[in-house]
Each structure stands twice: as structure tokens, then as C-alpha cells.
Ligand SMILES: [Zn+2]
């Protein structure tokens, strides 16, 4: 599979999860922790007397997850745990930001060097050309 196709699927999956998680929030689904068993439980949007066992890896015990492999409860759990995967664009944006921060830091070090050496800005065209090259 091409990287592009993989990225598209990843984006699609993320959008699905985001959408389902928002639907769950609007519907009033809550993620609770059963401390005794150390498990997450999701309340049902339609029936306040019903709860589903939900797990980031194993999924959800509701009918929707069983048939579709995804549901509001599981999506909301992933969202609350910060487990919805980043899209490829977001990852590269984060990498670009990192590179930018590093460039900033390098620039500041370079400026410190210039100031400390007392040379100031290069004024001769030859020197400026050498630095740019
Ligand atoms: Zn579910």
C-alpha cells in the first residue's frame, strides 16, 4: 500500500473517531471508571440504566462496535485518553514547528557569537556572500 493511501485511511479513521466522539459528547455519553475492576465504562446515550464495558484496545461491548468495529463510546474513550492518532499533516506540522524552534535557537546562538566577537554585521559584499553560501 502506498504511503499516500495509508495517510488517507489514517485521516479517514481519525475523522470518524473525532465525529463519533463529538456525537457521544452531544448525546451525553459519559466515560466512567470502574475502580474496583480497573475498567472503563461508558453510559448509554439512549438508556441511562445501561452501561457498556469499553477498552482502548479491546473495543466496546455495545452492539454498534460488535457490528461496525467502532462506536461513540469507544471513540469518546480514545478522545478522552488522547489516543486518537494524529493525521500525517498534523505530524509534519509538528515536525516543522520543531525544526523552526531549533532554527530559532541556532539563530540566537549565532547572534550571541556576532555580538561577543564585536564584529557586528558583515558589511563587505565578499564576506556577506561567503556567509550566505
Ligand atoms: Zn459502544
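Values as computed for the structure displayed
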item	result
Any helices (runs of 4 or more DSSP H) falling wholly within region 57-133 and containing at least 1 residues that are modelled with pLDDT of 75 or more and more than 28 Å from residue 3 (Cα to Cα)	63-68, 72-81, 88-117
Selection count where residues are near the ligand (Cβ under 9 Å from one of its atoms) and surrounded by fewer than 17 Cβ atoms within 10 Å (Cβ to Cβ), scope region 57-75	3
The listed residue being more than 12 Å from the ligand (Cβ to nearest atom) and over 18 Å from residue 84 (Cα atoms), out of 50, 33	33
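Rundown of residues vs (1) in contact with a helix residue (DSSP H, G or I) (Cβ under 6 Å, 6 or more places away or on another chain); (2) in contact (Cβ under 8 Å) with a residue 40 or more places away in the chain, yes/no style:
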position: 16; (1), (2): no, yes
position: 30; (1), (2): no, no
position: 53; (1), (2): no, no
position: 60; (1), (2): yes, no
position: 69; (1), (2): no, no
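The values are calculated or read from the model by the stated rules, or taken from the named source; none is laboratory data. Owing to the predicted nature of the structure, the values given are computational and were not obtained by experimental measurement. Every residue, glycine among them, receives a Cβ derived from its backbone with ideal geometry; neighbour counts consider all protein chains shown.
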